[in-house]
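Just below is one structure, and these are the notes that go with it.
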Amino acid sequence: MNYVVVDLEMNPVSRDYREVRRTLRDEVIEFGAVRLDASFAQESTFQCYVRPQYGPIRKQITALTGITQEKVDGGEIFEKQFQAFVDWVGAAPTKIYSWSMSDIKQLRSECRKKLPAFDLAWLDSRWVDLQQAFDDRLGLHNSLALKHALGAMDRNFEGTQHTALDDAINTSAILVLMQDDAKFRKTMQPVLDILQPKEDLTSSIGDLCPELAALSKEL
């Protein structure tokens, strides 16, 4: 069994394409993924830009991701880049992980629009919501953002946030940690302690990880 962790960056469909926006709100503009072998050791990476077909890169997307129009102009359209991703995943039994289900929902929508012949069962049979698995393991009722999950692990984000490959690599670190239950519980014990009713949740989370303090009222 292989394990792939994937992250996507997206750009909104232009309002000039009103008919398209009824079924497709965004387009993938970058794929980033890391493949782990059966021992959860990093084996390979995949990264590519995707040229959007329904409008230019918005300024706020460039500000968030660093992806410019010039970068995507050098890439292929979704149909080719998605097939390149499928080919890279390969024929070996593979589970595909993402942080939340937003990425698979995007791929489903975009495949229906641009690759209607593609069998979506290929995605559905492989995909795992790692964010949900992480939250369930900790007994959280509200989902943590990737950077907050890393902060709870006392791990700094490596690379640049909202860069697809860096996001995928950092997410894979969480997947690797979750394979050793004893190590996972030891690493996450401060968070587990916070979840005990006797604790002052707000102050405890603030002491553990300042970025989590803003979320404490929702937990």
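Taking Cα centre as origin and charging only the Cβ of basic (Lys, Arg, +1) and acidic (Asp, Glu, -1) residues, the dipole magnitude of segment 102-141 rounds to 240 debye. Here the accessible area is traced with a 1.4 Å probe on the protein chains. For the chain, carbon and sulfur cover 47 percent of it. In this simple spin-label model, placing a label point 7 Å from the Cα along the Cα-to-Cβ direction at both residue 44 and residue 186 gives a separation of 3.4 nm.
Annotation: amide H of residue 4 within the under-5 Å range of 36, 95, 96, 97, sequence separation 5 or more or interchain, hydrogens built in the peptide plane. Available extension along the chain between residue 142 and residue 18 is 41.2 nm, counting 0.36 nm per residue and deducting the alpha carbon span.
Under 5 Å between amide hydrogens, built in the peptide plane, is the criterion, and for residue 10 it picks out 29 among residues at least 5 positions away or on other chains. So what is log10(I(q)/I(0)) for segment 15-93 at q = 0.13, 0.16, 0.21 1/Å, when the Debye sum runs over its Cα atoms only? Those come out to -0.51, -0.71, -0.99, one per q. Helix 164-177 against the longest principal axis of the chain: what's the angle in degrees, Cα atoms only, rounded to the nearest 10? With rounding to tens, the tilt is 40 degrees. Using a Gaussian network model of the chain in which every pair of alpha carbons under 10 angstrom is joined by a spring, one finds that among 163, 65, 171 the greatest mean-square fluctuation is at 65.
Using only side-chain charges placed at the Cβ, +1 for Lys and Arg and -1 for Asp and Glu, the dipole size of the chain relative to its Cα centre rounds to 640 debye. Projecting the Cα atoms of 84, 56, 133 onto the charge dipole of segment 28-157 (Cβ charges, centred on the Cα centre) puts 56 farthest toward the positive pole. Given +1 at the Cβ of Lys and Arg, -1 at the Cβ of Asp and Glu and no other charges, the dipole of segment 152-198 around its Cα centre is 260 debye to the nearest 20. Radius of gyration over Kirkwood radius for the chain, both on Cα atoms: the Rg/Rh ratio is 1.00.
The residues of segment 107-183 expose, per residue, 48 Å² of accessible area to a 1.4 Å probe. Computed from backbone phi, the HN-Hα couplings of segment 68-83 come to 9, 4, 4, 5, 6, 4, x, x, 8, 6, 4, 3, 6, 6, 5, 5 Hz, rounded to whole numbers (Karplus: 6.51 cos²θ - 1.76 cosθ + 1.60, θ = phi - 60°; Gly and Pro given as x). For the Cα trace of segment 55-144, dividing Rg by the Kirkwood Rh returns an Rg/Rh value of 1.03.
The values are calculated or read from the model by the stated rules, or taken from the named source; none is laboratory data. Remember, predicted model here, so these are calculated numbers, not experimental data. Neighbour counts are summed over all protein chains in view; Cβ atoms, including those assigned to glycine, are modelled from backbone coordinates with ideal geometry. In case anyone asks, the SASA skips ligands and DNA or RNA and just uses the protein heavy atoms, side chains included. Shrake-Rupley method; radii C 1.70, N 1.55, O 1.52, S 1.80 Å.
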